[in-house]
Amino acid sequence: MQPKEDVVANISLLKVSPAIQKGLREFVSQVIDSQTGNLISIIAFGSAVTGDYDTAESDVNLLIVYSDLTIADLERVAEPSRHWLNKQKFAPRFLTRRNLDQSMRYFQVDYLAMRDARVVLWGEDVLASFEVHPAALRWQIAYEIKAMRMRIKQQFWRTAGDPRRMRAVLVERFTSLVHLMRALLVLNNLPAPITRRGIIDAAVEHLDLNRAFADQMLNLRQSQELPRSSALVGLFNRLMEAIRAIDSRVEDVKL
């Protein structure tokens, strides 16, 4: 079994605060101690790896893989998982190895992002075997972007006039759009950075994303000030235009 000292060293690679790292060491130790010989891997991925982690907005994403996973196994980790989700927004995903292997082809966007921004905290690097299947990747990007086009309209009328809720929707949807734009860059064999700013720069260059709009959205995420409703309505309009443009780009992909 891998020594816990390795976990400490690997957690130190994450771009999060010492307090978050300390909490992660405790949680990972609890998961390791609760297992019955069936734990295969614990991997951190996402913003804690890329450096985009934001205490107010981000989760600490974890992939925890077992050879076999029963309700009894989940019961053993349920309480510490809830504790750390509430305390420091740790967001573990518990899977079996079989579930992982069988789902990779169907969740290409998600596993691509995990593979390219990961730190193995304990055990086997189960994401190293992930392969991009262009047709499957294109299908998921198309599905997600079209679902976003439908969803954003509903979210607008439900939040219109409430600046705080409008801001939350805009930040969430733009974050999802950045996620899909990176997958589209990969699909087109274009440079695909892993940081949010890097992805946006590449999308401006290769996907015709509007730079001024992208900067406005980044400022919206980072600013403590809440814009007026009229300004947020304008951002909704520009976000919908950006989503339509990326949808058109996906339709133009020739495999």
Revision key, fill the gap. Each label sits 7 Å from Cα toward the beta-carbon; between Thr55 and Leu190 the label points are separated, in nm, by 3.6
Point to revise | Fraction of antiparallel bridges per DSSP, the stretch 1-120 only, in percent to nearest 5 | key: 55
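For the peptides 226-232, 112-118, what is the packing order when you average, over each peptide's residues, the other Cβ atoms within 10 Å and list the highest mean first?
On the way: 226-232: 14.1, 112-118: 20.4.
Top of the packing list down: 112-118, 226-232.
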Practice item. Please list, or write none, the aspartates and glutamates whose alpha carbon is within less than 16 Å of the alpha carbon of Lys87, excluding same-chain residues fewer than 8 places away. Key: Glu26, Asp54, Glu57, Asp59, Glu79
Check your understanding: If you take the Cα atoms of the stretch 134-252, find Rg, then find the Kirkwood Rh from the mean of 1/r over all pairs, what is Rg/Rh?
Key -> 0.97
Review point. So what are the ³J(HN,Hα) numbers for the stretch 145-154, from phi and the Karplus equation (6.51, -1.76, 1.60; θ = phi - 60°), rounded to whole Hz, Gly and Pro as x?
Key: 6, 6, 5, 5, 4, 6, 5, 5, 5, 5
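So if each residue of separation counts as 0.36 nm, and I subtract the Cα-Cα distance between Arg228 and Ala212, what length gain in nm does that give? Numbers along the way, then the final one.
Working: separation 16, 0.36 × 16 = 5.76 nm, distance 1.85 nm.
Value of the extension gain: 3.9 nm.
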Revision key, fill the gap. Residues whose built amide H sits under 5 Å from the amide H of Leu209, excluding neighbours closer than 5 in sequence, are Val204
Point to revise | Hz values of 3J(HN,Hα) by residue in the stretch 44-61 - Karplus curve (6.51, -1.76, 1.60), Gly and Pro given as x | key: 8, 8, x, 5, 5, 8, 7, x, 8, 4, 10, 4, 6, 10, 9, 9, 9, 8
Point to revise | 222 nm mean residue ellipticity, helices alone, for the chain (DSSP H n ≥ 4; -39,500 (n - 2.57); rounded to 500) | key: -20500 deg cm²/dmol
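Counting only DSSP beta bridges with both residues in the chain, what percent are antiparallel, rounded to the nearest 5? If you can, show how the numbers build up before the last one.
Details: 11 of 18 bridges.
Taking every DSSP beta bridge within the chain, about 60 percent pair in antiparallel fashion.
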Study note, to complete from the structure: Any lysines whose Cα falls less than 21 Å from that of Lys89, other than same-chain ones fewer than 8 residues away, would be Lys15, Lys22
Check your understanding: Ranked highest first by the average count of other Cβ atoms within 10 Å around their residues, in what order do 127-136, 206-215, 183-192 fall?
Key -> 183-192, 206-215, 127-136
**Study point:** Hz values of 3J(HN,Hα) by residue in the stretch 185-202 - Karplus curve (6.51, -1.76, 1.60), Gly and Pro given as x
**Key:** 4, 4, 4, 8, 6, 10, x, 9, x, 9, 7, 4, 5, x, 5, 4, 4, 5
Practice item. Could you run the Debye sum over the Cα atoms of the stretch 89-167, one equal point scatterer each and no solvent, and tell me log10 of I(q)/I(0) at q = 0.18, 0.20, 0.23 Å⁻¹, two decimals? Key: -0.88, -0.95, -1.07
**Study point:** Relative contact order computed over the chain (Cα-Cα under 8 Å; 6+ residues apart), in percent
**Key:** 18
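Hey, any idea what the orientation-averaged projected area of the convex hull of the stretch 50-100's Cα atoms comes to, in nm²? If you can, show how the numbers build up before the last one.
Details: hull surface 16.8 nm².
The number I arrive at for the stretch 50-100 is 4.2 nm².
Just so you know, all these numbers are worked out from the coordinates, no wet-lab data involved. Here the structure is a predicted model, which is why all the values come from computation and not from measurement. Cβ atoms come from the backbone with ideal geometry, glycine included; neighbour counts cover every protein chain shown.
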